[in-house]
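J.: Supplied in C-alpha cells, the structure appears directly below.
The values are calculated or read from the model by the stated rules, or taken from the named source; none is laboratory data. Predicted model, so just to flag it, every value in this text is computed and none were measured. No Cβ is skipped: glycine too gets one built from the backbone with ideal geometry, and neighbour counts run over all protein chains shown.
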Amino acid sequence: MCGQIKEKIMLENLNTEDIKTELSRIEKLDKNTRQALSKSLLIRHLDAGSCNAEEAELLALSNPIYDLTQFGLDFTASPRHADVLTVSGPVTRHLKIAMEKTYNAMPSPKIVIAIGDGACNGSIYEKSYACLGKVDDFLPVDIYIPGDPPTPMQILNGLLLCKKLMSL
Amino acid sequence: MNKSNIISILKKCNLDESTINTSHLLCNIQKEDLQTSIEVLLKEKVSFLTMFAIDERLSSGKYRLDLIFLVLNANSLLTFKIYLDEVKPSYPAISKLIPAAEWFEREIHDMFGIIAEGVDLEPLVLHRDFPHGKYFPMRKDFKLNQEIKISEVPHEFIQPHAEGMHQVAVGPIHAGIIEPGHLRFCTIGEQILDFNAQLFYTHKGIEKSAEGKTIEEGLVLAEHVCGMCSYSHSVAYCQAVESLSKVIIPKRAAYIRTICLELERLNSHLSDLSAICSAGGFAIASMQAASFREKAMQLTSKLTSHRFFRGLNTVGGLKRDIDNDEFESLKNQLQNLKKEFESLEKIIIDSDTLLDRLETTGELSFIQAKKFGIVGPAARASGIDIDLRRDFKYAGYSNFAPVISIETEGDALSRTKIRVKDIYSIFDFIPRIIDKLPIGKIKEEMPELLSATPKEGIGLVESAKGSLIHYVRLDEKNKISRWHVRSASYMNWRGMVQATKGRNIVPDGPLVNKSFNLCYACVDR
C-alpha cells in the first residue's frame, strides 16, 4: 500500500511556485543549511488549542498506509531536535505561554507550519477571553495547510513541499 | 421503576412537579429542600447526568441551577430546577451526596461565581492567572471579547515531602501527538503514590461564543467541540433542538444517523486499540489497528464526504441523502474488515507480554466507578451496566438493540476487551440497519420551533467514550441564549486519575491513560 501513496504524491508534481511569496523566510536561508535540511525533516507537533481532529490526522501519518518515515520525515519528542514546528489551533489563552516556550526551545532555523483552519485563520472560533485566534499573530508561519481538518494526504503534501523548497 | 413511581416519590418530598414532555419530568425545588430531595431520589434507580447554571438575571432577576438525572428502566429524564438569589448566589454542596458533581460545582463557581457551600472550590476551567472573583465569563454582563492579561502562575500540586519521593511532570506539550494537559506523578521509587492533572488548556469559550448565534451556527460549533466525537456532538445538539418541536425526524434520517454513530464508534475504538497496544510497547498490533482505523476512516469519508462526519447533520434530519449503493458497498467492506480484525484480535489476546502489561493495571472498582459517575466503555469494564443506547433510546436504537457487553475486573484489560467486543457488535449491527433502511425523505421542517415554550431542549447520545449531553435554550428570536455541553470524558477524567493512583508504576501511566483514551477538547470546550 505504501507504493500507492508514493504514486499519488508524485514529488515532481508538487508546485512550489504557488506559494513562493509566502516562503521568503525559507528562501533566505543559506544554501548549505537548506541542503542539509532537504534530506530529512524532524517535526515537533504542538496542539495550541485544536479540536483534536488535526491530531488524529497527524497521527494517521505514522500508520503503515502513509508511513511518514519513507519520505525522510518523522516526528520527534523534543522541540530541541526539531526542524519543523507544526501548530494546530486556534491559540488559546492557556496555551499561549507553552507555545512560545516550545518555539523558543527550537534550534534555528525554525520552520513553522500551521495545520488546519483553526491555526491558519482562526476558523469558526470567535476571539474571546479564552481564544486568541490564528497562529501567525504569535509565531512567524512559513507554510499554511488549511482544512477542517486537512486530510493526512494534504498534510503530507504540505510537508513534502517544505522539503522540496529546501532542495531548490 | 416507572414514571408514576418517580412522581409518587417526588410527591413525598412536597415537590412542585410538572411534565415537559412524555420523557422529561421537571421539579422546582427550594434551595433548602435540595439536599433532602436528592437523598430521597438517590435511593431509587437514578443516574446523575449533569448540572449547569443559567444567568436569568435579565428576565427573573435570579440565577438558575439545573440538575439532570436519568431515571433508569423508565426511558425518562428528571430535572431539578433551583432559583438562586442575584446577590451572593449559593446553594448547599451536592458533591457530598453525589461525588461526581464535584467538577460541575467548581466549573459553575469559575464561570458564574455561584458558590457551593461547604466544599473547597479550587479553580478548574480557568487557570490560576485568571482574575478569579473579578470576571465570570458565563455571566451575561461579561463581554466575550473582554481582554484579560495572561501571566504565568503555576498550578499547585502536592509536593513530594519525604525521602525517596520524586515528582514527574508531564506536559502540557507532550512527547507524542496528543492533546495538551499537564500531568503530575508523585512517585516513590517506581511506584505511583499520587497523580493529578491540570486540564482545560484548550478551553476556547465555545459555550459562551455560541450565545446570540442562530441554530445552524450553533450546530457548526457543536461539530467542532471535539474531532473524535464530532458526530455524536452534532447528533446530540440536533436532538436537543428537535426535542423543542413535536415533529419526529424521518425514519431514513434516524437510521442513517445511527449507522454513522456506530461508524464513529468503530473509528474511535480502533484508534483506542492502537493507542493501548502502542502504550503497552506492542508495535505490530498497534500498527495493524492504526491501519484498520485508516481504512474505517476512508470508508467514512467515502460515505459522508468527510472523515469526521462534518456537514452531514442538520436540525430535522440530514443535509443530504446517501445513496443506497454506498451502504451496500459499506456492508461488504465491513465484512472484509471484520475478517482482518479477527486476526488482530488473536494477536492481542494471545500476546502474553501485552496481557502481562494490561492485567490488573489501572484498576477501577465498581464502587469507585459508581462514585465518580463513570460512563461508557470504562463504566462497563467496571461492571456498571449503563448505556444510553438501551437506557434512553434515540435515533434508530428504539428499533435495533445493540449488544452491550459487560466486564467486571475494571482493569486496562477489561477496557480493552470491551472495545474488542464493541467492535464485533458494530460489524454485525451496521448491516442489520442497512438491510432495513427505508426509503423516503431525509429532512423534516421544524415549524413549531418559533412557538415552543419553554424553549429548552436536551439531547442525549452514547458516544464512543460514553454518554454525552447537550442542553440548548433559545431566546424569543430563536437565537441561542444558553448552550451546555457535558461530554463523556468530563465524567471519566476523575476516574482515570483514581485508576492511575492505584497499584501502578510510572510506565503504567500512559497505559492507564490510553485504556480510557479520553478527549481533552471535549472536556475543555
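J.: Counting only residues that are in a helix (DSSP H, G or I) and among the aliphatic types (A, V, I, L, M), which one in region B:347-377 is surrounded by the most Cβ atoms within 10 Å (Cβ to Cβ)?
T.: Taking region B:347-377 first, the residues in a helix (DSSP H, G or I) are B:347-350, B:352-358, B:366-372, B:376-377.
Add one more test, that the residue is among the aliphatic types (A, V, I, L, M), and what stays is B:347-349, B:354-355, B:358, B:367, B:369.
Working: B:Ile347: 15, B:Ile348: 23, B:Ile349: 13, B:Leu354: 22, B:Leu355: 14, B:Leu358: 26, B:Ile367: 10, B:Ala369: 23.
Going through the qualifying residues, I end up with B:Leu358.
J.: If B:Leu77 passes every condition in (1) part of a strand (DSSP E or B); (2) in contact with a helix residue (DSSP H, G or I) (Cβ under 9 Å, 6 or more places away or on another chain); (3) farther than 22 Å from B:Ile115 by Cβ but one, which one does it miss?
T.: (2)
J.: Please indicate, with yes or no, whether at least one residue in region B:477-492 is among the aromatic types (Phe, Trp, Tyr) and farther than 30 Å from B:Ser405 by Cα.
T.: Step one: list which residues in region B:477-492 are among the aromatic types (Phe, Trp, Tyr), which gives B:483, B:490.
Still in the running and farther than 30 Å from B:Ser405 by Cα: B:483.
Yes: one or more hits.
J.: Here is a further query. For B:Glu264, only one of the following conditions fails: (1) surrounded by fewer than 21 Cβ atoms within 10 Å (Cβ to Cβ); (2) touching a Cys at 6+ places or on another chain (Cβ under 8 Å); (3) within 13 Å of chain A (Cβ to nearest Cβ). What is its number?
T.: Result: B:Glu264 fails condition (1) only.
J.: From the list B:Ser23, B:Ser76, B:Ser4, B:Ser18, which residue is among the hydroxyl-bearing types (Ser, Thr, Tyr), crowded, with 20+ Cβ neighbours inside 10 Å and either more than 28 Å from B:Met138 (Cβ to Cβ) or modelled with pLDDT under 80 (or both)?
T.: Values: B:Ser23 fails: crowded, with 20+ Cβ neighbours inside 10 Å; B:Ser4 fails: crowded, with 20+ Cβ neighbours inside 10 Å; B:Ser18 fails: crowded, with 20+ Cβ neighbours inside 10 Å.
None of the others qualify; the one that does is B:Ser76.
J.: Continuing with this model, one more query. Out of all the residues in region B:30-51, is one or more surrounded by 21 or more Cβ atoms within 10 Å (Cβ to Cβ) and more than 26 Å from B:Ala369 (Cβ to Cβ)?
T.: no
J.: Hey, could you check region B:491-501 for residues that are surrounded by 24 or more Cβ atoms within 10 Å (Cβ to Cβ) and of a type outside the set (A, V, I, L, M, F, W, C) and say which is nearest to B:Glu211 (Cα to Cα)?
T.: Among those residues, the one meeting the criterion is B:Asn492.
J.: Here is a further query. Which residue pairs have Cβ atoms under 8 Å apart, sit 6 or more places apart or on different chains, and have a first residue in region A:109-120 that is over 14 Å from A:Glu55 (Cβ atoms) and a second that is part of a helix (DSSP H, G or I) and hydroxyl-bearing (Ser, Thr, Tyr)?
T.: Every condition considered, the pairs that remain are A:Pro109/A:Thr33; A:Lys110/A:Tyr103; A:Val112/A:Tyr103.
Per-residue answers, yes or no, for (1) within 13 Å of chain A (Cβ to nearest Cβ); (2) of a type in the set (A, V, I, L, M, F, W, C):
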{"position": "B:Tyr237", "(1), (2)": "no, no"}
{"position": "B:Ala240", "(1), (2)": "no, yes"}
{"position": "B:Tyr255", "(1), (2)": "no, no"}
{"position": "B:Ala283", "(1), (2)": "yes, yes"}
{"position": "B:Arg293", "(1), (2)": "yes, no"}
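J.: Restricting region A:104-117 to residues that are within 13 Å of the chain's Cα centre (by Cα) and outside any strand (DSSP E or B), which is surrounded by the fewest Cβ atoms within 10 Å (Cβ to Cβ)?
T.: So the first thing to find is which residues in region A:104-117 are within 13 Å of the chain's Cα centre (by Cα), and the list is A:110-117.
Subset that is outside any strand (DSSP E or B): A:110, A:116-117.
On the way: A:Lys110: 19, A:Gly116: 30, A:Asp117: 25.
Taking the candidates together, the pick is A:Lys110.
J.: What pairs can you find where one residue is in region B:169-185 and facing another protein chain (nearest Cβ under 7 Å), the other is modelled with pLDDT under 85, and their Cβ atoms are less than 9 Å apart, with a gap of 6+ or different chains?
T.: B:Ile178/B:Gly171; B:Pro180/B:Gly171
J.: Give me the pairs: first residue in region B:249-260 and more than 11 Å from B:Asn313 (Cβ to Cβ), second residue charged (D, E, K, R) and not in a loop (DSSP other than H, G, I, E, B), beta-carbon distance under 8 Å, and six or more apart or on different chains, which are they?
T.: B:Pro250/B:Lys443
J.: Report yes if some residue within region B:293-300 is closer than 24 Å to B:Ile249 by Cα and at pLDDT 90 or above; otherwise report no. Show your work before the answer.
T.: Let us first name the residues in region B:293-300 that are closer than 24 Å to B:Ile249 by Cα, namely B:300.
Adding the requirement that they be at pLDDT 90 or above leaves B:300.
Checked against the condition, which is being closer than 24 Å to B:Ile249 by Cα and at pLDDT 90 or above, region B:293-300 yields at least one hit.
J.: Pull out all pairs, ordered by first then second residue, where Cβ-Cβ is under 7 Å, the residues are six or more apart or on different chains, the first lies in region A:84-103 and is closer than 21 Å to A:Ile145 by Cα, and the second is acidic (Asp, Glu).
T.: Here the result reads A:Ser88/A:Asp47; A:Ser88/A:Glu54; A:Ser88/A:Glu55, each pair linking region A:84-103 to a residue that is acidic (Asp, Glu).
J.: Just to be sure, is B:Ile38 under 29 Å from B:Lys393 (Cβ atoms), at pLDDT 85 or above and not in a strand (DSSP E or B)? Steps first, answer last, please.
T.: Working: under 29 Å from B:Lys393 (Cβ atoms): yes; at pLDDT 85 or above: yes; not in a strand (DSSP E or B): yes.
So B:Ile38 fits the description; yes.
J.: Taking A:Cys131 as the residue in question, decide whether it is under 22 Å from B:Phe309 (Cα atoms) and either crowded, with 22+ Cβ neighbours inside 10 Å or away from chain B (no Cβ under 13 Å) (or both).
T.: Details: under 22 Å from B:Phe309 (Cα atoms): no; either crowded, with 22+ Cβ neighbours inside 10 Å or away from chain B (no Cβ under 13 Å) (or both): yes.
For A:Cys131, the condition - under 22 Å from B:Phe309 (Cα atoms) and either crowded, with 22+ Cβ neighbours inside 10 Å or away from chain B (no Cβ under 13 Å) (or both) - is not met.
J.: State whether one or more residues within region B:140-156 are more than 12 Å from every other protein chain (Cβ to nearest Cβ), out of contact with any Cys (no Cβ under 6 Å at 6 or more places or on another chain) and either over 22 Å from B:Gly502 (Cα atoms) or modelled with pLDDT of 90 or more (or both).
T.: Taking region B:140-156 first, the residues more than 12 Å from every other protein chain (Cβ to nearest Cβ) are B:140-141, B:156.
Checking the rest, the ones that are also out of contact with any Cys (no Cβ under 6 Å at 6 or more places or on another chain) come to B:140-141, B:156.
Keeping just the survivors that are either over 22 Å from B:Gly502 (Cα atoms) or modelled with pLDDT of 90 or more (or both) gives B:140-141.
Yes: region B:140-156 contains one or more residues that are more than 12 Å from every other protein chain (Cβ to nearest Cβ), out of contact with any Cys (no Cβ under 6 Å at 6 or more places or on another chain) and either over 22 Å from B:Gly502 (Cα atoms) or modelled with pLDDT of 90 or more (or both).
J.: For region B:311-334, what are the residues that are part of a helix (DSSP H, G or I), touching a helix residue (DSSP H, G or I) at 6+ places or on another chain (Cβ under 8 Å), farther than 20 Å from B:Arg419 by Cβ and touching a residue at least 40 places away in the same chain (Cβ under 8 Å)?
T.: B:Phe327, B:Glu328, B:Leu330, B:Lys331
J.: Please find, among B:Leu330, B:Leu334, B:Leu318, the residue that is modelled with pLDDT of 90 or more, more than 27 Å from B:Ile248 (Cβ to Cβ) and within 28 Å of the chain's Cα centre (by Cα).
T.: Working: B:Leu330 fails: more than 27 Å from B:Ile248 (Cβ to Cβ); B:Leu318 fails: more than 27 Å from B:Ile248 (Cβ to Cβ).
Result of the check over B:Leu330, B:Leu334, B:Leu318: B:Leu334.
J.: Can you tell me which residue in region B:215-232 is surrounded by the fewest Cβ atoms within 10 Å (Cβ to Cβ), limited to those that are within 10 Å of another protein chain (Cβ to nearest Cβ) and assigned to a helix (DSSP H, G or I)?
T.: Here is the first cut: in region B:215-232, the residues within 10 Å of another protein chain (Cβ to nearest Cβ) are B:217, B:220-221, B:223-230.
Then keep just the ones that are assigned to a helix (DSSP H, G or I); that gives B:217, B:220-221, B:223, B:230.
Numbers: B:Glu217: 15, B:Val220: 18, B:Leu221: 23, B:Glu223: 25, B:Ser230: 26.
Once the filter is applied, the top-ranked residue is B:Glu217.
J.: Here's a follow-up. Against the conditions (1) surrounded by fewer than 19 Cβ atoms within 10 Å (Cβ to Cβ); (2) more than 30 Å from B:Ile505 (Cα to Cα); (3) within 14 Å of chain A (Cβ to nearest Cβ); (4) out of contact with any Asp or Glu (no Cβ under 6 Å at 6 or more places or on another chain), where does B:Gly118 fall short? Just the number, please.
T.: Single failed check for B:Gly118: (3).
J.: Continuing with this model, one more query. List the strands (runs of 3 or more DSSP E) that sit entirely inside region A:23-102 and contain at least 3 residues that are more than 7 Å from every other protein chain (Cβ to nearest Cβ). Working first, answer last.
T.: On the way: elements: A:41-47, A:73-75, A:84-88.
Of the strands (runs of 3 or more DSSP E) lying wholly inside region A:23-102, those with at least 3 residues that are more than 7 Å from every other protein chain (Cβ to nearest Cβ) span A:41-47, A:84-88.
J.: In this structure, does B:Ser305 turn out to be among the hydroxyl-bearing types (Ser, Thr, Tyr), within 30 Å of B:Ile248 (Cβ to Cβ) and surrounded by fewer than 18 Cβ atoms within 10 Å (Cβ to Cβ)? Give the steps one after another, and end with the answer.
T.: Details: among the hydroxyl-bearing types (Ser, Thr, Tyr): yes; within 30 Å of B:Ile248 (Cβ to Cβ): yes; surrounded by fewer than 18 Cβ atoms within 10 Å (Cβ to Cβ): yes.
Judged against the criteria, B:Ser305 is a match.
Here's the yes/no breakdown for (1) more than 14 Å from chain A (Cβ to nearest Cβ); (2) farther than 26 Å from B:Ile108 by Cα; (3) surrounded by 24 or more Cβ atoms within 10 Å (Cβ to Cβ); (4) touching a Ser or Thr at 6+ places or on another chain (Cβ under 7 Å):
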{"site": "B:Arg482", "(1), (2), (3), (4)": "yes, no, no, no"}
{"site": "B:Ser489", "(1), (2), (3), (4)": "no, no, yes, no"}
{"site": "B:Asn504", "(1), (2), (3), (4)": "yes, yes, no, yes"}
{"site": "B:Cys519", "(1), (2), (3), (4)": "no, no, yes, yes"}
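J.: Which of the following residues is under 26 Å from B:Met51 (Cβ atoms), hydrophobic (A, V, I, L, M, F, W, C) and touching a Pro at 6+ places or on another chain (Cβ under 9 Å): B:Val125, B:Val119? Spell out how you get there, then give the answer.
T.: Values: B:Val119 fails: touching a Pro at 6+ places or on another chain (Cβ under 9 Å).
The unique qualifying residue is B:Val125.
J.: Would you check which residues across region B:148-174 are part of a loop (DSSP other than H, G, I, E, B) and surrounded by fewer than 13 Cβ atoms within 10 Å (Cβ to Cβ) and list them? Explain how you work it out, then say what you get.
T.: Residues of region B:148-174 that are part of a loop (DSSP other than H, G, I, E, B), as a first pass: B:148-164, B:171-174.
B:Lys149, B:Ser151, B:Glu152, B:Val153, B:Pro154, B:Glu156, B:Ile158, B:Gln159, B:His161, B:Ala162, B:Glu163, B:Gly164 - these are the residues of region B:148-174 that are part of a loop (DSSP other than H, G, I, E, B) and surrounded by fewer than 13 Cβ atoms within 10 Å (Cβ to Cβ).
J.: Can you tell me which residue among B:Lys96, B:Lys88 is on the phi > 0 side of the Ramachandran plot, outside any strand (DSSP E or B), modelled with pLDDT under 90 and not hydrophobic (A, V, I, L, M, F, W, C)? Even if it seems obvious, please write down each step before you answer.
T.: Working: B:Lys96 fails: on the phi > 0 side of the Ramachandran plot.
On inspection, the qualifying residue turns out to be B:Lys88.
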